[in-house]
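The values are calculated or read from the model by the stated rules, or taken from the named source; none is laboratory data. Owing to the predicted nature of the structure, the values given are computational and were not obtained by experimental measurement. FYI the Cβ positions are ideal-geometry reconstructions off the backbone, even for glycines, and counts take in every protein chain you see. Note: areas computed on protein heavy atoms with side chains; ligands, DNA, RNA excluded. Shrake-Rupley method; radii C 1.70, N 1.55, O 1.52, S 1.80 Å.
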Amino acid sequence: MATTPEKREFVVLGIETSCDETAAALVRREANGKGVLLANVVRSQLALHAEFGGVVPEIAARAHVELLDRLIAEALAESRLGWDEIDGVAATAGPGLIGGLIVGVTTAKAIALARGLPFVAVNHLEAHALTPGLTHGLPFPYLLLLVSGGHTQLLIVKEVGSYTRLGTTLDDALGEAFDKAAKLLGLGFPGGPAVEECAKRGRATIALPRPMLGRPEPHFSLAGLKTALRHEAMKREPLGAQDVADLCASFQEAAAEMVSDRTRRAMELYLEQLGPDAQKALVVAGGVAANQRIRAALATVAAENGFALVLPPPELCTDNAAMVAWAGAERLARLLVDDLAAPSRARWPLDPGAAPAIGAGVKA
């Protein structure tokens with residue numbers, strides 16, 4: 001459990017290599033708890049993976065090795081800080097692609113050892129969860145909807161290191177489902193932006209299922225929606241441009257309605273667990289948070305239920321090192337540091353005590 005944070009300033013270097021973005025950032029946590037982003041450098045590997053229709057772990061890890069030292073130097077230059085002004089180093093240690101994680105964690109440990117700095121092994125999901133403290137100064141507690149390529153979860157964020165999972169996906173993550181929909185329809189990779197752009201020209205008139213609507217537990221399921229999309233596409237072969245646009249619009253609308261329904265139920269559970277006087281704030285993080293239709297649907301749900309909708313800027317919703325540095329600073333302020341034997345973890349649930357969701361599998 002987190003302790004009371006120290007009331008002094010911390011500057012932390014953050015490193016992110018969990019998937020296909022290589023990133024380094026510097027963040028200052030002021031004595032009053034306010035966060036200041038000093039530098040944030042990200043290099044996407046999209047061009048390296050596009051021809052394969054998805055991320056190739058070995059290619060990603062090799063690119064991290066080639067890029068990371070240069071990006072750390074760029075972040076230091078951008079921040080105009082020297083090594084003597086840095087108080088700690090944090091790296092994403094999981095969950096993610098193990099090869100990439102090892103690159104970032106090993107680099108961070110080497111810096112910590114050479115400079116005599118504390119090391120913080122950051123949970124990538126916690127980094128997303130804590131981002132509103134950096135961007136909005138949002139106090140605890142709040143409800144978090146995490147929607148990314150690898151995770152779709154609803155959690156109560158109580159404090160640094162204290163989370164209660166309310167719902168998770170039973171199969172595909174939302175971002176994963178968008179990517180697969182795009183691949184099915186020949187729209188390329190990454191799929192989320194491609195489906196959203198194509199949907200603008202479409203009509204959401206094709207009947208697709210809304211899985212899990214009305215269920216008492218706010219879990220998600222995307223596999224059936226994805227399968228239904230494939231069947232509808234096969235009915236219309238050969239697909240014309242308008243067919244593809246209509247399929248995209250219908251798929252996106254189904255996803256937005258499902259996410260809205262599941263989030264509405266999570267709001268009820270949030271207030272049941274914390275009481276009616278708890279802060280009513282909904283944070284949406286992860287790459288899918290950039291989807292405008294889903295954002296609009298969640299804005300409606302938040303307004304209807306009296307919740308403030310908190311959306312970090314798009315560049316801090318996708319994978320980045322600023323959120324890792326901030327999570328490291330928050331942990332360092334509470335003396336939650338790690339030794340140099342801390343492992344990299346392909347899987348690392350935020351709430352390990354949560355009851356298993358049947359079918360959740362790797363989506364802890």
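Values for this structure:
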read-out	value
Rg(Cα)/(2.2 N^0.38 Å) for the range 66-212, N = residue count	1.33
Packing-based order for 323-331, 85-93, 218-226, using average beta carbon neighbours within 10 Å, highest first	323-331, 85-93, 218-226
Between the range 318-359 and the range 148-189, the alpha-carbon center distance in angstrom	17 Å
For the range 222-277, fraction of C-alpha pairs farther apart than 20 Å, in %	45 percent
Normalised per residue, the volume of the convex hull around the Cα set of the range 36-122 (Å³)	105 Å³
Enclosed volume per residue, in Å³, of the convex hull spanned by Cα atoms of the range 258-337	117 Å³
Angle between the chain longest axis and helix 322-333 axis [Cα atoms, degrees, rounded to 10]	50 degrees
Cβ-based charge dipole, the chain, positive-most Cα from 285, 229, 323	229
Dimensionless Rg ratio for the range 212-364, taking C-alpha atoms and the 2.2 N^0.38 Å reference	1.28
Rounded to the nearest 20 debye, dipole of the chain from Cβ charges on Lys, Arg, Asp, Glu	460 debye
Relative contact order (%) - the chain, alpha-carbon pairs under 8 angstrom, separation at least six	25 percent
Kirkwood-based Rg to Rh ratio, the range 1-42, C-alpha trace	1.09
In the chain, lysine pairs closer than 14 Å at Cα, eight or more apart or cross-chain	4
Contact order normalised by residue count of the range 1-113, Cα under 8 Å, 6+ apart, percent	33 percent
Accessible surface of the chain [probe 1.4 Å, protein heavy atoms]: carbon and sulfur percent	54 percent
For the chain, projected area of the alpha-carbon convex hull averaged over all directions, nm²	17.5 nm²
Binned Cα-Cα distances of the range 83-139, short to long, each 10 Å bin given as a whole percent	23, 41, 32, 4
Euclidean distance between Cα centres, the range 219-275 to the range 1-51, Å	32 Å
Alpha carbon convex hull of the range 1-148, volume per residue in cubic angstrom	122 Å³
Taking the convex hull of Cα positions in the range 181-258, its mean projected area over all directions (nm²)	4.9 nm²
The range 152-212 - Rg (one decimal) and Dmax (whole number), Cα, Å	15.5, 44
With Cα atoms, 0 to 90° folded angle of helix 292-304 axis to the chain main axis	80 degrees
Solvent-accessible surface (1.4 angstrom probe) belonging to residue 102, in square angstrom, nearest 10	80 Å²
Between helix 57-79 and the chain: long-axis angle, C-alpha atoms, 0 to 90°, nearest 10	50 degrees
